[in-house]
1. If I ask for residues that are at positive phi and assigned to a strand (DSSP E or B), which ones from region 17-59 would you list?
2. Considering region 135-152 alone, what residues qualify as being part of a strand (DSSP E or B) and touching an Asp or Glu at 6+ places or on another chain (Cβ under 9 Å)?
3. In region 104-119, is there at least one residue being under 23 Å from residue 60 (Cβ atoms) and assigned to a loop (DSSP other than H, G, I, E, B)?
4. What's the number of the only condition in (1) within 30 Å of residue 137 (Cα to Cα); (2) open to solvent by 60 Å² or more (accessible area, probe 1.4 Å) that residue 192 fails to meet?
5. Would you mind finding the one in 15, 35 that is of a type in the set (Gly, Ala, Ser), at pLDDT below 95 and open to solvent by less than 40 Å² (accessible area, probe 1.4 Å)?
6. Regarding residue 70, is this residue among the acidic types (Asp, Glu), within 23 Å of residue 133 (Cα to Cα), at pLDDT 95 or above and open to solvent by 10 Å² or more (accessible area, probe 1.4 Å)?
7. Could you check region 202-225 and list, in sequence order, the residues that are crowded, with 23+ Cβ neighbours inside 10 Å and over 20 Å from residue 172 (Cα atoms)?
Amino acid sequence: MQTEAAHDLHLSGNGSAMGGIYRMVHLEGLSTIDGDLVCEQCVAHGVVRVHGNLRAETAAFHGKADVFGDVVAGSADIHGSMNISGVCDVQKTLRMHGSSRLQNAVHAEVIHIHGRTHVGAECVAREIEVRGIAQLAKDVRAERIDCNGVLRLGGLCEAEAFFCRGQLHSSGLINAEKIHIRLHAKSGVQEIGCTDLRIERGHGFFARRHKLVVDMIEGDHIYVENVVAKRIRGNRITVGHGVYVERVEYREEFKRQHGARVGEIVQV
């Protein structure tokens, strides 16, 4: 990013400026930028509107921000409320604390969600961490997904490792090498495909009510509790307490623990 000859931009109070190429951008109060903004560092406190694309090496927003265009950054740190109408492309880490609405695709090396976040298109990262509520409306691809809270998936989810403690809803396939889910609320998934799957109920008096409803589970090594499934297919399958499955198809080993109900068992 060529900004060596550029000057700084500093707005405070109720201010506005045209877009352009800057070195350091500091926005305080109510700030409006008309046009594309390119800079090394963008720091904003208060209410900010950017009517164009934002490109920065580092970007930090504290308060409320609206970007009516794309955001391209080396790293981005959001505290408060953020709305991005275009693509969000972060080379390193994207951190979101508060409430964020990203209407288009999101790409980053690492995504940290603390609070409530909605992503309207595909979400691609090496690592996705959720501590709060995340609604990912389209396909998700990551090496590792770790959720402690509520995760809602609207498309295909592919990962090497998938961990969820809390509530999970998916209208598509969750496909991962290793999946570990601990249920703390009623959940629902259309289909699970995996190598190693473990679904456990959480702790507490009401834990037995926290069921995961799923159409199909397929994998190599499967252990499930508190699952209501139409079909489970795998090599080694163990169904534990609170499970009801209409049909089990296993190849090598099947175990049914006390409290599990199975309609039909078939070795294939």
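The values are calculated or read from the model by the stated rules, or taken from the named source; none is laboratory data. Note that this is a predicted model, so its numbers are computed, not measured. Heads up, the Cβs are rebuilt from the backbone with ideal geometry, glycines too, and the neighbour counts pull from every protein chain shown. These area figures cover heavy atoms from the full protein model, side chains too; ligands, DNA and RNA do not enter into them. Shrake-Rupley method; radii C 1.70, N 1.55, O 1.52, S 1.80 Å.
1. If the condition is that a residue be at positive phi and assigned to a strand (DSSP E or B), then 20, 29, 35, 46 are the ones that fit.
2. Correct list: 136, 140, 141, 142, 143, 144, 145, 146, 147, 148.
3. Of region 104-119, the ones under 23 Å from residue 60 (Cβ atoms) are 104-119.
Next, only the ones that are assigned to a loop (DSSP other than H, G, I, E, B) stay: 104-105.
Yes, region 104-119 contains at least one residue that is under 23 Å from residue 60 (Cβ atoms) and assigned to a loop (DSSP other than H, G, I, E, B).
4. (2)
5. 15
6. Answer is no for this residue.
7. 225
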